[in-house]
């Protein structure tokens, strides 16, 4: 990262990199949770649920790329060992062990709600550091997570209405 870019990133770059790595761990785990859920899903509206879970998995993968790129721009190193994902995760990993479309949706709604809280807290911390680029990235991810929650809740309503 160039001199001027380092200057606008603020004085707390090390803390920002740590926050971003925690978010990166969350995104990798969310990606996998969505992907596995799409593979095992059974029950009402299965094709619709699988499609939504796969779309969300792709978004989480995109978020991981955004976060890794920013970590590197800030002079940090993205977490490079999957064992570190669970250890550094803020949201954790909730293995999709029940293939019911209803259970998968409920599980992922809970995960999105957790992520919304985490990213909202991150946004407040980034505002203090006055890093506009990181702020924009976190705001965009937060917007996506809010949309994910709504998508999943809508599908759950559709399933319940179809009964």
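The values are calculated or read from the model by the stated rules, or taken from the named source; none is laboratory data. Just so it is clear, the structure is predicted and the values come from calculations on it, not from any experiment. All Cβ positions, even for glycine, are placed from backbone atoms using ideal geometry, and neighbour counts span all protein chains on display.
Quick one: count up the residues across region 116-134 that are more than 12 Å from the chain's Cα centre (by Cα) and crowded, with 18+ Cβ neighbours inside 10 Å.
Matching residues across region 116-134 total 4.
Given the conditions (1) touching a residue at least 40 places away in the same chain (Cβ under 8 Å); (2) closer than 24 Å to residue 136 by Cβ; (3) under 14 Å from the mean Cα position of the chain (by Cα), and given that residue 92 satisfies all but one, which numbered condition is not satisfied?
Just one mismatch for residue 92, condition (2).
Of 113, 106, which residue is at pLDDT 95 or above, surrounded by fewer than 18 Cβ atoms within 10 Å (Cβ to Cβ) and under 21 Å from residue 40 (Cβ atoms)? Lay out the reasoning, then the answer.
Numbers: 113 fails: under 21 Å from residue 40 (Cβ atoms).
None of the other options fit; the residue is 106.
Please go through region 63-88 and give me each residue that is in a helix (DSSP H, G or I), under 12 Å from residue 137 (Cβ atoms) and touching a residue at least 24 places away in the same chain (Cβ under 8 Å), ordered by number. Write out each step before concluding.
Looking only at region 63-88, we keep the residues that are in a helix (DSSP H, G or I), and these are 63-73, 83-88.
Subset that is under 12 Å from residue 137 (Cβ atoms): 63-71, 73.
Correct list: 63, 64, 66, 67, 68, 70, 71, 73.
Looking at region 12-42, which of its residues are buried (at least 17 other Cβ atoms within 10 Å of the Cβ) and over 15 Å from residue 93 (Cβ atoms)?
13, 16, 17, 19, 20, 21, 38, 41
Cβ-Cβ below 7 Å, separation at least six or inter-chain, first residue in region 135-163 and within 28 Å of residue 10 (Cβ to Cβ), second at pLDDT below 95 and crowded, with 16+ Cβ neighbours inside 10 Å: which pairs?
From region 135-163, the pairs are 135/126; 138/126.
Please go through (1) crowded, with 16+ Cβ neighbours inside 10 Å; (2) closer than 23 Å to residue 142 by Cα; (3) touching a residue at least 60 places away in the same chain (Cβ under 8 Å); (4) touching a helix residue (DSSP H, G or I) at 6+ places or on another chain (Cβ under 7 Å) for residue 45 and return the number of the only condition it doesn't satisfy.
(2)
Please state which one of 18, 60 is under 24 Å from residue 157 (Cβ atoms), part of a helix (DSSP H, G or I) and either at pLDDT 95 or above or in contact with a helix residue (DSSP H, G or I) (Cβ under 7 Å, 6 or more places away or on another chain) (or both).
Result of the check over 18, 60: 60.
Conditions first: (1) modelled with pLDDT of 95 or more; (2) assigned to a loop (DSSP other than H, G, I, E, B). Residue 163 passes all but one, so which condition is the exception?
(1)
Can you tell me how many residues within region 95-117 are more than 16 Å from residue 49 (Cβ to Cβ), out of contact with any helix residue (DSSP H, G or I) (no Cβ under 7 Å at 6 or more places or on another chain) and in a helix (DSSP H, G or I)?
2
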